[in-house]
Structure formats: C-alpha cells, structure tokens
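Every read-out reported here was derived from the displayed coordinates using simple, explicitly stated rules and does not represent laboratory data. What you see is a predicted model, and the numbers here were worked out from it, not measured in a lab. All Cβ positions, glycine included, derive from the backbone under ideal geometry; neighbour counts span all protein chains shown.
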Amino acid sequence: MTAVDWIIPGFLLVVLAIGAGKKIPVYDTFVAGAAEGLKLVWKILPSLMAVMLMVELMKASGLLDILQRLLAPALEAMGLPAEIAPLAVVRPFSGSASTGMLAEIFESYGPDSRAGLVASAILGSSETIFYTVALYCGTVGIRRTRYMIPVALLSQLVCMLAAGWMVRLLLPG
C-alpha cells in the first residue's frame, strides 16, 4: 500500500481518536449528521431536479445546437473557439453535463487543441451557477436572488474570456 492509500483510513482514525479524547459520542453524532443531510437533500431535491430536467430538455430538443450556431460568431469575436459554445451554455446549469461536453470536445478536437485547452480552463475556473444558487438559496429559503445570478453570469463570462486569453498566450498562432 502507498501513502495515498492510507489518507482516508488515517483521517477516520484521527477523527475517532479526537472524538474519543473529547468524549464525543462519535457514532451518534455521525447518525445525527446523516439524518440532517437527508432532510437537506429532501428540501433541495425539487430545485435540483428542475435544473437537471432543464439541461436534458435543452439537449433533447435541439435548443443547445441552435444556441451553438447563434453564439459561434460572438465567441469567435471574443477570441474563443466556437466549438466551446455548448459548454458555455450548459456550464452554468450542470457540472456533469459540462464534463460530458468536455469529453466530446476532447474526442472531436483533441485535449491539446485550442478548443480542448480553452474548454478545460473554463471547466476548471467556473461554477455551475444555477445549481449552486438552487442549492444554497434553497437550503436557507431565499426566494429572491436579486443581483446574484447576473453577477455570477458576468463572472462566468470573464472566466471564459480569461481562459481564451491565457490559452492564446500559451499557444500563439
């Protein structure tokens, strides 16, 4: 076994030792935390289902392809490859769909292509905005997000532009 194989068991042993040292009922505390987690999941499940359904509907209906064709000229004008348009549209909604689109970009254009590198940078530097807002705001009961989503979408655009700029600096030509 390597040192990496001991990280999780070692962490669990440290937690158990600290809990025993402080006379905390570790198992009871774990079970109570798991019960709270299930309550939280039940509370936010409708919001998460709505976001996932919306992404699947966009893909199945062809709306994503239409958005790609519409966004391609704007992306190219901003110095971004048009091939990342589906990723740019889906990333604010779904992390797993974004990862799938990244795999498609890798398969079609290669991971070392400009599209592959920009897509990787976007995926690594951005967030699933609507999922995160649904999760956090749904958890605490916030119904009006005011400027949260527009500012987050603006920061997503800045991340995309920065990703394209950085890749252009690293791979001139």
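Examine region 18-30 for a residue that is touching a residue at least 24 places away in the same chain (Cβ under 8 Å) and either over 21 Å from Leu157 (Cα atoms) or not in a loop (DSSP other than H, G, I, E, B) (or both), and state whether such a residue exists.
Keep residues of region 18-30 that are touching a residue at least 24 places away in the same chain (Cβ under 8 Å), which gives none.
For region 18-30, residues touching a residue at least 24 places away in the same chain (Cβ under 8 Å) and either over 21 Å from Leu157 (Cα atoms) or not in a loop (DSSP other than H, G, I, E, B) (or both): absent.
Is at least one residue of region 70-80 more than 15 Å from the chain's Cα centre (by Cα), under 24 Å from Met52 (Cβ atoms) and not small (Gly, Ala, Ser)?
Yes, region 70-80 has at least one match.
Looking at Lys43, Lys23, Lys59, Lys39, which is the one that is closer than 26 Å to Tyr136 by Cα and more than 22 Å from the chain's Cα centre (by Cα)?
Sole residue among the options that is closer than 26 Å to Tyr136 by Cα and more than 22 Å from the chain's Cα centre (by Cα): Lys39.
Which one of Leu38, Leu64, Leu53, Leu13 is hydrophobic (A, V, I, L, M, F, W, C) and touching a residue at least 24 places away in the same chain (Cβ under 8 Å)?
The conditions single out Leu64.
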